[in-house]
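Below is one structure, written out as C-alpha cells, with a few remarks after it.
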Amino acid sequence: EADIYQTPRYLVIGTGKKITLECSQTMGHDKMYWYQQDPGMELHLIHYSYGVNSTEKGDLSSESTVSRIRTEHFPLTLESARPSHTSQYLCASSHNTGLTEAFFGQGTRLTVV
Amino acid sequence: KQEVTQIPAALSVPEGENLVLNCSFTDSAIYNLQWFRQDPGKGLTSLLLIQSSQREQTSGRLNASLDKSSGRSTLYIAASQPGDSATYLCAVTNYGQNFVFGPGTRLSVLP
C-alpha cells in the first residue's frame, strides 16, 4: 500500500503570498521528488532529494525551494506566489537504488489569482 | 540522454476490446520500467514495475512486456472497461538517474 500524502489538495491564493505545499511518506523511502504538471501536459521534475539534508534542482527551473530535515517530509515553498505558478504539483518517493517502484501523492492543485 | 516516447498519443475504443499501448526508450541500459495510470487532476498510480532482468509482469487484466535490446515496452489491457479510461504513462530509470517519463497515452473506453 502506497502511503504518500500531499496537503492541501487544492489551494487558491493571492499573488505575493508565501505558500508551503506539504508532502509526507511513511514508506521509509530515501529519495523524494517534486514534479510540476500543467493540465494535459507532461510531468516536469523541479526538485529531488536523496535523503536528509540533500536537495537538488530538477530539469525544469523553478522559483520554489525545498527542504529535507526529516526522511519522511519534503515540503515545497514558494516565497511569493505569482499567477505563473498556477499548476498541479506532484510529490513522489522511491528507494535510492532505483530498483523499486516510485509512488506518487494525489497532488496539490495550486491557483494563484 | 534518455528519451521516452509513447504511441499512440490518444486512443478511443469500445468496451470489451483488448488493446496495446507502446512505450519506446532510446538508452537500453535501464534499471527498470514502470507503467502508471493518471486520472484527470489526480496523482499517478503505479500499475506494474518491470526490472531490467525481467521480460514481463502481470496484474489482473494488465500485462506489461519489456524488450530491453530494442528499447520497447508494451502494456496490454484485456477486455477493456470504461473505468480503464485514463492517461497511461511509462517511465524508465537508468543507473544514477531520475525517472524519465513518456508523454502518455490518453485512453477512452466507450460504453
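Just so you know, all these numbers are worked out from the coordinates, no wet-lab data involved. As the structure is a computational prediction, the values presented were derived from the model and not from experiment. Cβ: placed from backbone, ideal geometry, glycine included. Neighbour counts: every protein chain shown.
Please list, in order along segment A:102-113, the HN-Hα scalar couplings obtained from phi with the Karplus expression 6.51 cos²θ - 1.76 cosθ + 1.60 (θ = phi - 60°), rounded to whole Hz, x for Gly and Pro.
Along segment A:102-113, the couplings run 9, 10, 10, x, 7, x, 10, 8, 9, 10, 10, 10 Hz.
Count charges around B:Gly60 for me, please; just the other residues with Cβ under 15 Å from its Cβ, Lys/Arg as +1, Asp/Glu as -1. Walk me through the numbers on the way to the answer.
Details: positive: B:Arg37, B:Arg61; negative: B:Glu56, B:Asp84.
Every neighbour counted, the sum reads 0.
Would you mind finding the longest exposed-site-free stretch of chain B, with exposed trypsin sites (Lys or Arg not before Pro) meaning DSSP loop and at most 16 other Cβ atoms within 10 Å? Display every interim value, and only then the final one.
On the way: sites that count: B:Lys1, B:Arg55, B:Arg61.
The answer is B:2-54.
Using θ = phi - 60° and the Karplus relation 6.51 cos²θ - 1.76 cosθ + 1.60, list the HN-Hα couplings for segment A:76-93 in order, rounded to whole Hz, with x at every Gly or Pro.
Once θ is set to phi - 60°, the couplings for segment A:76-93 become 10, 10, 10, 5, 8, 5, 10, x, 5, 7, 4, 4, 9, 10, 10, 9, 9, 8 Hz.
Taking chain A as a Gaussian network, where each spring joins two C-alpha atoms under 10 Å apart, which residue of A:Ala92, A:Ala81, A:Ala102 fluctuates the most?
A:Ala102
With no solvent and one equal point scatterer placed on each C-alpha of the protein assembly as shown, evaluate the Debye formula and give log10 I(q)/I(0) for q = 0.15, 0.17 Å⁻¹, two decimals.
The Cα Debye sum returns log10 ratios of -0.99, -1.21.
Measure off 7 Å from each Cα along the Cα-to-Cβ vector at A:Ser54 and B:Thr45, then give the distance between these two points in nanometres to one decimal.
Distance between label points: 3.1 nm.
Over segment B:3-65, what relative contact order in percent results from Cα pairs under 8 Å that are six or more residues apart? Mind showing how you got there, number by number?
Working: 68 pairs, mean separation 13.8, N = 63.
With pairs under 8 Å counted, the relative contact order is 22 percent.
State, to one decimal in nm, how far the label point of B:Ala79 lies from the label point of A:Thr97, with both points 7 Å from Cα in the Cβ direction.
Result for the modelled spin labels: 3.6 nm.
Per-residue Cβ counts within 10 Å, from other chains only, averaged over B:34-43: what number is that? Mind dumping the intermediate values first?
On the way: counts 4, 0, 5, 0, 5, 1, 2, 8, 8, 15.
Per residue, the average neighbour count from other chains is 5.
Around A:His47, which amide H atoms from residues at least 5 apart in sequence, or from another chain, sit under 5 Å from its own amide H, with H modelled in the peptide plane?
A:Trp34, A:Gly58
Write down the radius of gyration of chain B and its Dmax, each obtained from C-alpha positions, in Å.
Just the Cα atoms of chain B yield Rg and Dmax of 13.4, 44 Å.
Across every pair of different alpha-carbon atoms, what Kirkwood hydrodynamic radius in Å does segment A:24-113 reach?
Values: mean 1/r = 0.0747 Å⁻¹.
Mean inverse Cα-Cα distance, inverted, gives 13.4 Å.
Can you give the mean number of other chain Cβ atoms that lie within 10 Å of the Cβ atoms in peptide B:96-105? Walk me through the numbers before you get to the answer.
On the way: counts 1, 1, 11, 10, 3, 6, 2, 3, 4, 0.
So the per-residue partner count for this stretch is 4.
Could you derive backbone 3J(HN,Hα) for segment B:82-98 from the dihedral phi with the Karplus parameters 6.51, -1.76 and 1.60 (θ = phi - 60°), listing whole Hz in sequence and x where the residue is Gly or Pro?
These are the phi-based 3J(HN,Hα) values: x, x, 7, 4, 4, 9, 10, 10, 10, 9, 10, 10, 9, 4, x, 10, 7 Hz.
Just subtract the alpha-carbon distance of B:Ala9 and B:Asp67 from 0.36 nm times their residue separation and send over the number in nm, one decimal.
Working: separation 58, 0.36 × 58 = 20.88 nm, distance 2.08 nm.
Stretched fully, the B:Ala9-B:Asp67 segment lengthens by 18.8 nm.
Net charge within 11 Å of B:Ser108 by Cβ-Cβ distance, Lys/Arg positive one each and Asp/Glu negative one each, not counting B:Ser108 itself? Intermediate values should be presented prior to the final figure.
Details: positive: B:Arg106; negative: B:Glu15, B:Asp84.
Taking every other residue near B:Ser108 into account, the sum is -1.
In nm, to one decimal, how far is the A:Met27 label point from the A:Ser67 one, both placed 7 Å along Cα→Cβ?
2.5
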